[in-house]
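The values are calculated or read from the model by the stated rules, or taken from the named source; none is laboratory data. Predicted model only: the values in this text are computed from it and were never measured. In this analysis, Cβ positions are derived from the backbone assuming ideal geometry, glycine residues included, and neighbour counts consider all displayed protein chains.
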């Protein structure tokens, strides 16, 4: 017997009291007791358990051996000693694994319970306990080769009987290593099953569906079939939807209406911006695709509902109804959908400046204006080029950008329906300080320069209003130039008025 065993044998009542105090402290709920520490300081308690619990097992084992020795059960005493040593090694290995688990769980994302797969934790526990048992056998002088050969046949029989179970186990290990998904991700299987990953253990993966039901799927099936990872709440989701519109509607007008509807939706992100394309014009009705971005996959239902609601409202307002694929067998004449883009005069009335113009002036401008269509990606007005007209956007998005000294482009503004462009360069004869490029298919109203200048010559108050707009845009240009370290040439409101007056005077002299 070593010194510890001799001390406990002579003072067994102290050892017994110490063991009872340790057990009561570990199971207590009071302040500074085991359960209280577990809730507040799990890492500290795991370290304390790693030190105290093996010591408690050893003390209890020594007390039992002392009892058996006094009862004269020497053979049982030897077996008890071996059992206590095995239990101590296994307990120490288990406590080390538990400390690792506490460290992993603390660093894991706490947004979803059980974020760490149980399979990974189970492998940690199993591996460390096997290591602890191997160390015990090595200290007892056992040969690993002999143990392996003696258990080989039994292992083969057990492996054959548990073939499917072992397949699930190793498939789970492969999923844990490859990580095609993580806890909290939404995934869709080939059979249409959709759910959020809530657990991955040694046998199966558990998904929680939208109906709050749990799908238990064997790991071998998860590893052997294709799946779609829709990711978690922190990942953008970009679905596309199809809308069918009668072929009689101008495709540019239809795409502009759908884009405006998407931009009105609160649950659809504006950056990246929605994209609308004519997907199929080989059959009637025409099919349009709208591609949008949502904050995450769970927001797809709210976003989709809002998108279709806004599309329905926009089309109804324009006198267009959605066209389902209906095969009609009727003898009466089917009604023809008559839907055209708004007239130029109606589009001009929607501008802010329309409130400053009379009906005759609006009609005069509309008579000298035309619709202009620009495909996505084409430049409307190049940087450094003068503008020969005034443009009003009626559909689509226009990207305003400036060129930096390193020749890269910096987007300064996205212009949408109702915005206008080209007025600064047209009224000041200054080259455009921005490049205006169509970010989607764009529909513009092109207003003739001479028509607008003739109107300004008759309306000094309107010229003053436009001078202020020009001043605001030049100030914005100066800020962009300063940010890009380009030369800044500032113009005052007086300078802008004088340039407009010179242009108008030149216009009058020509006449």
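If a residue has to be crowded, with 20+ Cβ neighbours inside 10 Å, assigned to a loop (DSSP other than H, G, I, E, B) and over 22 Å from the mean Cα position of the chain (by Cα) to count, how many in the range 269-310 make the cut?
Selection size over the range 269-310: 1.
Quick one: how many residues across the range 98-118 are more than 22 Å from residue 48 (Cα to Cα) and at pLDDT 65 or above? It would help to see each step written out before you state the result.
Taking the range 98-118 first, the residues more than 22 Å from residue 48 (Cα to Cα) are 108-118.
Next, only the ones that are at pLDDT 65 or above stay: 118.
Number satisfying all stated conditions: 1.
Among 401, 382, which is more than 32 Å from the chain's Cα centre (by Cα) and at pLDDT 80 or above?
Step by step, each of 401, 382 is checked, and only 382 is more than 32 Å from the chain's Cα centre (by Cα) and at pLDDT 80 or above.
Please go through (1) touching a helix residue (DSSP H, G or I) at 6+ places or on another chain (Cβ under 8 Å); (2) free of Cβ contacts under 8 Å to residues at least 12 places away in the same chain for residue 258 and return the number of the only condition it doesn't satisfy.
Residue 258 satisfies every listed condition except (2).
Being in contact with a helix residue (DSSP H, G or I) (Cβ under 9 Å, 6 or more places away or on another chain) and at pLDDT 85 or above: is that true of residue 169 here?
For residue 169, the condition - in contact with a helix residue (DSSP H, G or I) (Cβ under 9 Å, 6 or more places away or on another chain) and at pLDDT 85 or above - is not met.
Take the range 28-42 and flag every residue that is surrounded by fewer than 13 Cβ atoms within 10 Å (Cβ to Cβ) and modelled with pLDDT of 70 or more.
Passing the criteria: only 40.
Quick check: anything in the range 235-248 closer than 30 Å to residue 317 by Cα and out of contact with any strand residue (DSSP E or B) (no Cβ under 8 Å at 6 or more places or on another chain)?
Going residue by residue through the range 235-248, those that are closer than 30 Å to residue 317 by Cα are 237-248.
So of that shortlist, the ones also out of contact with any strand residue (DSSP E or B) (no Cβ under 8 Å at 6 or more places or on another chain) come out as 248.
For the range 235-248, residues closer than 30 Å to residue 317 by Cα and out of contact with any strand residue (DSSP E or B) (no Cβ under 8 Å at 6 or more places or on another chain): present.
Does residue 495 satisfy the criteria of being assigned to a helix (DSSP H, G or I) and at pLDDT 75 or above? Don't jump to the end; show me each part of the working.
Values: assigned to a helix (DSSP H, G or I): yes; at pLDDT 75 or above: no.
No, not satisfied.
Looking at this structure, is residue 266 modelled with pLDDT under 90, surrounded by fewer than 16 Cβ atoms within 10 Å (Cβ to Cβ) and not in a strand (DSSP E or B)?
The answer is no for residue 266.
More than 40 Å from the chain's Cα centre (by Cα), surrounded by fewer than 20 Cβ atoms within 10 Å (Cβ to Cβ) and at pLDDT 75 or above, is that true of residue 461?
On the way: more than 40 Å from the chain's Cα centre (by Cα): yes; surrounded by fewer than 20 Cβ atoms within 10 Å (Cβ to Cβ): yes; at pLDDT 75 or above: yes.
The answer is yes for residue 461.
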